Amino acid sequence: MLTFIDKRITTQIRVIEDLKSLSDAICQQLYNPSGKEDWLTYKYADLFTISNERNNKLQYSNVLSASQEYGMIERNELNIDIKFNSSSIINYKIVRPNQYVIHLRSFQGGFAYSEKLGVCSPAYTILVPKDKLSPAFLKYYFTSKKFINSLRIVTYGIRDGRSISVEEFLQLKIEIPSISHQQHIVQVMQLWEEKIRIEECYLSKLQQQRQYLLTAMFV
């Protein structure tokens, strides 16, 4: 039984990896403006404003951290024991749903989409989409290899210490389609995202079952 589950776990990991690779390929195709007439060129400064809204009245106590795969998540979901003074969150920045956060991991992309309301490190930069953007449109593009490669000219430092020049980033150009086209792309990518999450959930169940059997063997 354990051998069977081990083989199924290995297969499931490959299924997830293949789905992620296919999702990346679809993302690259969907965000490619080549030959598409309704795509227009903008600077990122035309698409975003910067928010410096602070937690001055301690309205929020939940601290969010940047995750490359899942966007902004609750800090306690990272499984990392991060020490901080709770009183210091008065200086933290407020993050709202549909906003983007520029963090420090530029080698991974450095941008995280937020679906949550909370506060984050004052070292982060909060971007608020303007009307030209469907809020989640750049969520998937900001994790693509194409976008990460485009950041090379606006990043400084080495290895994990690379930082993004926000001012220079805002002057970079990008082509985007109409709002309706943006929404269609988001819907397609959300379907793939949900499919991957379902398969990851199934993998987790298999791993739990394996652990249960191992534990039961020694009772």
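Observations on the structure shown:
- Long-range neighbours under 9 Å by Cβ, at least six apart or interchain, first residue under 28 Å from residue 19 (Cα atoms) within segment 201-219, second basic (Lys, Arg) and open to solvent by 50 Å² or more (accessible area, probe 1.4 Å): 206/8
- Residue tally, condition under 29 Å from residue 121 (Cα atoms) and among the charged types (D, E, K, R), over segment 1-58: 5
Residue-by-condition table, conditions (1) open to solvent by less than 50 Å² (accessible area, probe 1.4 Å); (2) closer than 20 Å to residue 197 by Cα; (3) in contact with a Gly (Cβ under 7 Å, 6 or more places away or on another chain):
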residue: 7; (1), (2), (3): no, no, no
residue: 17; (1), (2), (3): no, yes, no
residue: 25; (1), (2), (3): no, yes, no
residue: 33; (1), (2), (3): yes, no, no
residue: 40; (1), (2), (3): no, no, no
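- Among the residues making up segment 65-83, those that are part of a loop (DSSP other than H, G, I, E, B) and either at pLDDT 90 or above or open to solvent by 90 Å² or more (accessible area, probe 1.4 Å) (or both) are 69, 70, 79, 80, 81, 83.
Let's see how each residue does on (1) within 19 Å of the chain's Cα centre (by Cα); (2) aromatic (Phe, Trp, Tyr); (3) surrounded by 13 or more Cβ atoms within 10 Å (Cβ to Cβ); (4) part of a loop (DSSP other than H, G, I, E, B):
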{"site": "168", "(1), (2), (3), (4)": "no, no, yes, no"}
{"site": "175", "(1), (2), (3), (4)": "no, no, yes, no"}
{"site": "181", "(1), (2), (3), (4)": "no, no, yes, no"}
{"site": "187", "(1), (2), (3), (4)": "yes, no, no, no"}
{"site": "200", "(1), (2), (3), (4)": "yes, no, yes, no"}
{"site": "205", "(1), (2), (3), (4)": "no, no, no, no"}
{"site": "208", "(1), (2), (3), (4)": "no, no, no, no"}
{"site": "211", "(1), (2), (3), (4)": "no, no, no, no"}
{"site": "215", "(1), (2), (3), (4)": "no, no, no, no"}
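- Residues within segment 89-110 that are open to solvent by 40 Å² or more (accessible area, probe 1.4 Å) and either modelled with pLDDT under 80 or on the phi > 0 side of the Ramachandran plot (or both), tallied: 5
- Residue under evaluation residue 128, criteria (1) more than 25 Å from residue 52 (Cβ to Cβ); (2) touching a residue at least 60 places away in the same chain (Cβ under 8 Å), criterion not met: (1)
- Filter pass, residue 34 being out of contact with any Pro (no Cβ under 8 Å at 6 or more places or on another chain), in a loop (DSSP other than H, G, I, E, B) and at negative phi: yes
- Figure legend. Inter-residue proximity from segment 132-152: first residues over 21 Å from residue 38 (Cβ atoms), second residues open to solvent by 20 Å² or more (accessible area, probe 1.4 Å) and modelled with pLDDT under 85, beta-carbon distance below 7 Å, spacing 6+ or different chains. Indicated pairs: 143/68; 151/164.
- Meets criteria (exposed (fewer than 15 other Cβ atoms within 10 Å of the Cβ), of a type in the set (S, T, N, Q) and in contact with a strand residue (DSSP E or B) (Cβ under 7 Å, 6 or more places away or on another chain)) for residue 62: yes
- Residue pairs whose Cβ atoms lie under 6 Å apart, separated by 6 or more positions or on different chains, with the first residue in segment 53-67 and within 17 Å of residue 113 (Cα to Cα) and the second surrounded by 15 or more Cβ atoms within 10 Å (Cβ to Cβ) and modelled with pLDDT under 85, are 63/75; 65/75; 66/103.
The values are calculated or read from the model by the stated rules, or taken from the named source; none is laboratory data. Small disclaimer: the values here were computed from a predicted structure and weren't measured. Positions of Cβ are backbone-derived with ideal geometry, glycine not excepted, and every protein chain shown enters the neighbour counts. Note: areas computed on protein heavy atoms with side chains; ligands, DNA, RNA excluded. Shrake-Rupley method; radii C 1.70, N 1.55, O 1.52, S 1.80 Å.
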